[in-house]
Structure formats: C-alpha cells, structure tokens
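One structure is given below, encoded as structure tokens.
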Amino acid sequence: MDLVDVPQERNSTLDGQRKVVYAKDAQGRLCITASSGWEVEEIVTTQALDHLNQLSLQAKNDVKKGLVSPLAYWMHTQRMDEALLAQSSGFWRWQVRRHLLPKHFQQLSDEKLARYAQALGLSIQTLQSVPD
C-alpha cells in the first residue's frame, strides 16, 4: 500500500485511537505511518466481538443448565479458547477440556483453582460462579 492510500476512515472500534501500519513512500521504501482505520476492518472487528459475546452468553446459559462449569463462561468472557487458557494456566489442553465439565470442576483443589483464577484475572470465589 502506498503512503497516500493509507485509510483514514475513523474506525469506531479503535475508539479515536490510531494504529501503526506499514506503507511505501514515494521512493518505494517501507515506512511506518498512522491510520485511523477503515470500514472493512471495523465491520470484521464488530462481527468478531459479537461472536465472542454470543459465546459468553451461551456459556452462561449452559452453566445455569449444568452442562458446563463456570470456567467455560469466564474463559469466553476473557476472550480465550481452550488452547490459550491451557497455555496461560499451565494445564494441558485435555485437562482444561475436562475441567470445563461441572463434575470435574467441582473436584479441583484450591491450588488448581488459583492457577485458573490467576490466568483469568479473577478471584477464586468469582471463578466458581457466574453473574446473574
């Protein structure tokens, strides 16, 4: 992209901020410039956020039905998936999947709950429940 073609369409998802992008200057050299975003980026970001919010809401409903543990709700609320939560908490991915089941989550020791709580930025008490 040329320097003069860098979009400046005031992307609302950037909340008035600007971001750095790379573009070619008049001599064809790559340089860094600021962009306030463009419409396509805003649409895609908004769709992704809507999807993540739907995952959180679905997980919250599933917790209330007893299908998944509160860990599933907090994982989605913090914009994580199983792989990222496993990496952040130090558990294997198969362990995270297992702990997403209410039966196994209820059996977790305080030490394991603390690892999840730290990875999610929550207290243990908050981790064990979902908001109304």
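What to note about this one:
- Cleavage-rule hits, chymotrypsin sites (Phe, Trp or Tyr not before Pro), segment 1-99, DSSP coil, Cβ neighbours within 10 Å at most 13: 92
- Of all DSSP beta bridges in the chain, antiparallel share, percent nearest 5: 75 percent
- Loop-located trypsin sites (Lys or Arg not before Pro) in segment 1-46 (DSSP state other than H, G, I, E, B) with a sparse environment of at most 15 neighbouring Cβ atoms within 10 Å: 10, 18, 29.
- Computed on segment 38-116, the Cα convex hull volume stands at 85 Å³ per residue.
- Read-out Kirkwood radius over Cα pairs in Å, derived from the coordinates shown; its label in (i) 17.3; (ii) 16.1; (iii) 19.6: (i)
Read-outs: derived from the displayed coordinates by stated rules, not from any lab. Bear in mind that the values here come from a model prediction, so they are computed numbers and not experimental data. A quick note on method: Cβ atoms are made from the backbone with ideal geometry, for glycine too, and the neighbour counts reach across all protein chains shown.
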